[in-house]
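Heads up, the thing below is written out as structure tokens.
The values are calculated or read from the model by the stated rules, or taken from the named source; none is laboratory data. Note that the structure is a prediction, hence the values are computed from the model and not measured. Cβ sites come from the backbone with ideal geometry, for glycine too, and all protein chains shown count toward neighbours.
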């Protein structure tokens with residue numbers, strides 16, 4: 001039987017590739033081990049935070065003259081920006097879903 005699970009790390013390479021591959025490997029080795037939604041979100045938020053910090057650090061290095069490549073700095077800043085935008089879209093979808101669930105009548 002073919003595995004039809006969604007491979008999110010293919011669509012979110014800069015944010016979640018390492019983290020989701022680690023989770024996927026853990027999931028394949030032990031089906032009994034539960035990986036919570038909270039852990040996945042926390043890992044993604046931590047990755048976005050690290051990208052932001054790396055971008056800030058590269059800006060500081062550019063200003064102090066430790067880096068001469070503006071291109072490298074702009075790539076780091078844009079990668080952090082796209083990761084943050086993606087995180088905000090995920091957050092917005094989660095809030096919308098929560099609100100829809102709260103409006104459901106039992």
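In this structure, is residue 2 modelled with pLDDT under 60, out of contact with any strand residue (DSSP E or B) (no Cβ under 9 Å at 6 or more places or on another chain) and loosely packed, with under 13 Cβ neighbours inside 10 Å?
Considered against the rule, which asks whether it is modelled with pLDDT under 60, out of contact with any strand residue (DSSP E or B) (no Cβ under 9 Å at 6 or more places or on another chain) and loosely packed, with under 13 Cβ neighbours inside 10 Å, residue 2 comes out as yes.
If you check residue 31 against the conditions, is it out of contact with any helix residue (DSSP H, G or I) (no Cβ under 9 Å at 6 or more places or on another chain) and either in a helix (DSSP H, G or I) or at pLDDT below 60 (or both)?
yes
So how many residues does the range 46-73 have that are part of a helix (DSSP H, G or I) and either in contact with a strand residue (DSSP E or B) (Cβ under 9 Å, 6 or more places away or on another chain) or surrounded by 15 or more Cβ atoms within 10 Å (Cβ to Cβ) (or both)?
Going residue by residue through the range 46-73, those that are part of a helix (DSSP H, G or I) are 46-64, 70-73.
Right, trim to either in contact with a strand residue (DSSP E or B) (Cβ under 9 Å, 6 or more places away or on another chain) or surrounded by 15 or more Cβ atoms within 10 Å (Cβ to Cβ) (or both) and you get 47-48, 51-52, 55, 58-59, 61-62, 73.
The qualifying residues number 10.
Can you confirm whether residue 38 is at negative phi, modelled with pLDDT of 95 or more and under 20 Å from the mean Cα position of the chain (by Cα)?
Judged against the criteria, residue 38 is not a match.
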